[in-house]
Amino acid sequence: MEWNVIENRWHEFKVAAKRQWDKLSEAQLTGTRGNRDYLLKRVQEAYALSGAEAERQLADWQQRQFDRLAPAANGP
């Protein structure tokens, strides 16, 4: 899934992001407005991760969002 789908529909994906990274406050998540770089930085800071590890977590989360939406996109 292209990140722009997540960014454009951030209000829908924010809940899944909060489940993944519960140390991030509602204000932090809302403040990202779905911006990938901003979210990456917040995750890295909140969990004291290296840039590479934060990127891996974000990429894995992004893929799970795609996997979750894929059946709906393909129809019944």
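The values are calculated or read from the model by the stated rules, or taken from the named source; none is laboratory data. Being a predicted model, the structure only gives us computed values, none of them experimental. Here Cβ is always computed from backbone atoms with ideal geometry, including for glycine, and neighbour counts include all displayed protein chains. Only protein heavy atoms, including side chains, enter the accessible area calculation; ligands, DNA and RNA are left aside. Shrake-Rupley method; radii C 1.70, N 1.55, O 1.52, S 1.80 Å.
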Between helix 36-47 and the chain: long-axis angle, C-alpha atoms, 0 to 90°, nearest 10: 50 degrees
Residue with peak Gaussian network fluctuation, the chain [Cα springs, cutoff 10 Å], from Ala46, Ala17, Ala54: Ala46
Helix 51-74 vs. the chain, principal-axis angle (Cα, 0 to 90°, nearest 10): 20 degrees
Carbon/sulfur fraction of accessible area - the chain, other protein chains in place, 1.4 Å, %: 51 percent
Neighbour-limited loop hits for GluC sites (Glu not before Pro), the range 1-57 (at most 12 other Cβ within 10 Å; DSSP other than H, G, I, E, B): Glu2
Relative contact order %, the range 1-66, counting alpha carbon pairs below 8 Å whose residues are six or more apart: 35 percent
Qualifying aspartates and glutamates (Cα of each under 12 Å from Cα of Lys23; at least 8 residues distant if same chain): Glu45
